[in-house]
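The values are calculated or read from the model by the stated rules, or taken from the named source; none is laboratory data. Remember, predicted model here, so these are calculated numbers, not experimental data. Note: ideal-geometry Cβ built from the backbone for every residue, glycine included; neighbour counts use all protein chains shown. What goes into the accessible areas is simple: the full protein's heavy atoms, side chains included, and nothing from ligands, DNA or RNA. Shrake-Rupley method; radii C 1.70, N 1.55, O 1.52, S 1.80 Å.
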Amino acid sequence: MKRATRLVHAGRDPAAQQGMVNPPVYHASTVIFESLDALEKASKNPFEGMYYGRNGTPVQFAFESAVAEMEGAFGAVTTCSGLAAITAALMSVAEQGAHFLVTDNVYGPTRKLCDGLLRRLGVTTEYFDPTLSADALEERITPATRVLFLEAPGSLTFEISDVPALAEMAHRHDVTVMADNTWATPLYFNALEHGVDVSIHAATKYLVGHADAMLGVINCNEAHYMAVRKSAAGMGYCAGPDDIYLGLRGLRTLGQRLPTHETTALALADWLAAQPEIARVLHPARADHPQHDLFVRDFAGSSGLFAVVLKPVGRGGLAAMLDKLELFGMGFSWGGYESLILAVDPSRSRTATDWGEDGPTLRIHAGLEDPQDLIDDLAAGLKRLHR
């Protein structure tokens, strides 16, 4: 079956829910066991079946089953946010003296985690240029290297790493490969098929799709699944049942929503590229992107998130453009039905590479509005900026 069809049917078992299409939401903590034998049997493997509310409920198991199927994973682990998913994954391999290789275009909170908590625990993080070749990166592998962490593409500057080549190199040294795959989702980039061991998703974004829930999920191969699940459980991570339900519901329409986000984003990117106020458009699906060949080779499509670099302009001009936009909200996150725009400074979160752009950078998420309405809103904003 095609992925859009599988999105509708994955993880569903109406017969187990008295014929209901969707599993009910379980607000649960305590699970009652009918006998001492049953309790002792469950205690030997608390991650299978119903054991305690924090370990999972039927709606969580349905969500995990569906997400894992979409990426061909052995199993999935649900957390309370995308950052919690990143933390649980990295903590599953963290130990004193460990060395992590992390792409320099990584999500800002991931960098804060590495430079904060993980550093205090004795983990050393080395950042690298996301466009580095496998041969060049191999020179940085040490006996203490435990993980190679990628983000394809980076969610601010949209460079794409050669994931299969880097993963093959890392595996030769028994290094675990993790990737933040939130931008493409399993629908447009199957990270595990490209050599990734642990694929991380901020389900808050496209999987939920409606800007109304906090959720993370981690797809794992068999070798890493139990370590990641124990890591998440050991830190007390558990997502709320209502948020998990919203994630499962959002997953059903991802096959219809994501192509719309993609088409609208490309329309906006192409229009912006022709405007005199724009210095550069950062969109992997455009032919002028430096790693467009990797995008064409590895990805099945693009999502609604991209960025543009403005020609140099003062803060007053930038505010004039952004403050009176009618359809683009200014706010964090992305992946919902609403369009967003955010002024960002990538140079503040890089240590291995120089950003090197003089003008402001705007990250844009194309929502589900009519593309022409969004273009008209941006056009009015650029006129205000120009004035």
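Here the accessible area of the range 28-121 is 52 percent carbon and sulfur, with a 1.4 angstrom probe and all protein chains present.
I'd like to compare 56-65, 118-127: which one has the highest average count of other Cβ atoms within 10 Å, and what's the full order after that?
Listed from highest to lowest mean packing, they are 56-65, 118-127.
Accessible area per residue was computed with a 1.4 Å probe on protein heavy atoms; M50 scores about 70 Å². Using every pair of separate Cα atoms, the Kirkwood estimate puts the hydrodynamic radius of the range 311-387 at 13.5 angstrom. Summed over all non-identical Cα pairs, the Kirkwood treatment of the range 57-149 gives a radius of 14.8 Å.
Here the Karplus relation 6.51 cos²θ - 1.76 cosθ + 1.60, evaluated at θ = phi - 60°, turns the backbone of the range 177-193 into coupling constants of 9, 10, 9, 7, 10, 5, 4, 8, 6, x, 5, 10, 8, 8, 4, 5, 5 Hz, with x for every Gly and Pro. Only protein heavy atoms count here; under a 1.4 Å probe, M20 has an accessible surface of about 120 Å².
Across the range 18-35, computed HN-Hα scalar couplings (Karplus, 6.51 cos²θ - 1.76 cosθ + 1.60, θ = phi - 60°) run 6, x, 5, 5, 9, x, x, 7, 9, 8, 9, 10, 7, 10, 8, 9, 7, 7 Hz from first to last residue, x flagging Gly and Pro.
Straight-line reach from K44: taking Cα to Cα under 23 Å and skipping same-chain neighbours fewer than 8 places apart, the lysines in range are K230. Using θ = phi - 60° in the Karplus curve 6.51 cos²θ - 1.76 cosθ + 1.60, the 3J(HN,Hα) couplings for the range 63-76 round to 5, 5, 4, 5, 5, 4, 5, 5, 10, x, 8, 5, x, 10 Hz; x is entered for Gly and Pro.
Computed packing ranks the peptides 142-149, 302-309 as 302-309, 142-149, most packed first, by mean other Cβ atoms within 10 Å. In the range 126-233, the portion of solvent-accessible area held by carbon and sulfur atoms comes to 51 percent [1.4 Å probe, whole percent, DNA, RNA and ligands not counted]. Across all directions, the average projected area of the convex hull around the alpha carbons of the chain is 20.1 nm². Using every Cα-Cα pair within the range 205-341, state what percent have a distance larger than 21 Å. Cα-Cα pairs of the range 205-341 separated by over 21 Å account for 58 percent. Note on the range 130-254: Cα convex hull, mean projected area over all directions, 8.5 nm². Dividing the Cα radius of gyration of the range 1-135 by its Kirkwood radius returns 1.08 for Rg/Rh.
Accessible surface for the chain, divided over its residues, is 43 Å² per residue with a 1.4 Å probe. Cross-link partners of K2 among lysines, defined as those whose alpha carbon lies under 27 angstrom from its own and excluding same-chain residues fewer than eight positions apart: K205.
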